[in-house]
1. Could you list, in sequence order, the residues of segment 117-141 that are part of a strand (DSSP E or B) and either closer than 30 Å to LEU245 by Cβ or touching a Lys or Arg at 6+ places or on another chain (Cβ under 8 Å) (or both)?
2. Which of the residues belonging to segment 261-282 are in a helix (DSSP H, G or I) and either farther than 22 Å from LEU6 by Cβ or free of Cβ contacts under 8 Å to residues at least 24 places away in the same chain (or both)?
3. Within segment 252-260, is there a residue that is assigned by TED's automatic domain parsing to the domain that holds PHE168, under 20 Å from LEU173 (Cβ atoms) and basic (Lys, Arg)?
4. Just one of the numbered conditions (1) hydrophobic (A, V, I, L, M, F, W, C); (2) free of Cβ contacts under 8 Å to residues at least 24 places away in the same chain; (3) part of a helix (DSSP H, G or I) is not true of ALA285; which one?
5. For residues in segment 261-291 being out of contact with any Lys or Arg (no Cβ under 9 Å at 6 or more places or on another chain) and of a type in the set (S, T, N, Q), which is nearest to SER172 (Cα to Cα)?
Amino acid sequence: MLDAFLARLEVLADALRAGFAFGDARQTRRAPLLVCDTGRHIEVGSAAREAAEVLARTPGITQLPSGALVIEGDTLEARSAAIAYAEAALRQVHPAGGSSEALDLRALAAREASAPVFARMPRGLFRPLGAKTYAVRLTALLAQATNWAKVPHAALLPPDLEAPLFLFSQRSLKKRIGPGLWDSLAAGLVAAGETPEAALARECAEEAGLAFDQATLIALSSRSFVCPIPEGLLFEESFEYALRLAPDFRPRALDGEVAAFGAFSPVETLDLIERGLMMPEAAAAALAVLQKMTAEALQ
């Protein structure tokens, strides 16, 4: 049974890797969005044609002969002001632009949360301008099945290792993306000036009523996602974490974005992924945790 489980795990992990565009998935006819720092141009986004035409007419933004757009200014405040000046016009082109919450604008090539911030930009403009967002995601594990109505399937790991349950949240049916799909217990974007750990604590409180000791948090790797979406381009660096919770923990959704919670055994988690019932990003994170668990158990 263990060999069959490991084979399924590897197949699913490979399929998800192939399904995500981990490289440069930017569509053609997008204008690079640049800032000038210490005498060199740094790419921070790529604007679709309609958005590029708006930016080219915006004071504080210069279009080069190559078609690339440069956000002028030597300071974060000056560049942020130039983007703010264009915001109203950009929202005419992209009326579904979304939230005005500010996020940090960093280089597309950056992967660290400590990377330089060149401007602050409204969240709703990141996809239309192909800019990179930073996100956090928590894969939560319940130590055992005690008191849950659902009992996990037969143990898939060696008998001396207790297989935990995965605790997932089901996305609200009102969600524009992935309504009704199972997701990580908590996930969200890192706000301007916020660390990933602070963002995770905020999201956990809002989405699951969970407060945790930072010392118990297991930091995993970060993962880059790049793919075209209706709003423009999703370019994201996702910081993944895992946390073991007490068996009697009961999540509480406080922000109205969660329809339900569920606890699933490792086998049931693979079933969810195979049936397409999970958000791809959450599935990738859960598979990474499963791979880590099985590797450690078999040492």
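1. Within segment 117-141, ALA119, LYS132, THR133, TYR134, ALA135, VAL136, ARG137, LEU138, THR139, ALA140, LEU141 meet the criteria.
2. Result: ASP271, GLU281.
3. The answer is yes, given that some residue of segment 252-260 is assigned by TED's automatic domain parsing to the domain that holds PHE168, under 20 Å from LEU173 (Cβ atoms) and basic (Lys, Arg).
4. (2)
5. For segment 261-291, the residue satisfying everything is THR269.
Residue-wise test of (1) modelled with pLDDT under 90; (2) exposed (fewer than 14 other Cβ atoms within 10 Å of the Cβ); (3) assigned to a loop (DSSP other than H, G, I, E, B).
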position	(1), (2), (3)
THR28	yes, yes, yes
LEU34	no, no, no
GLU43	no, no, no
ALA52	no, no, no
PRO65	no, yes, yes
ASP74	no, yes, yes
SER80	no, no, no
GLU87	yes, no, no
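The values are calculated or read from the model by the stated rules, or taken from the named source; none is laboratory data. The structure displayed is predicted, hence computed values, not measured ones. Neighbour counts run over all protein chains shown; Cβ positions are idealised from the backbone, glycine included.
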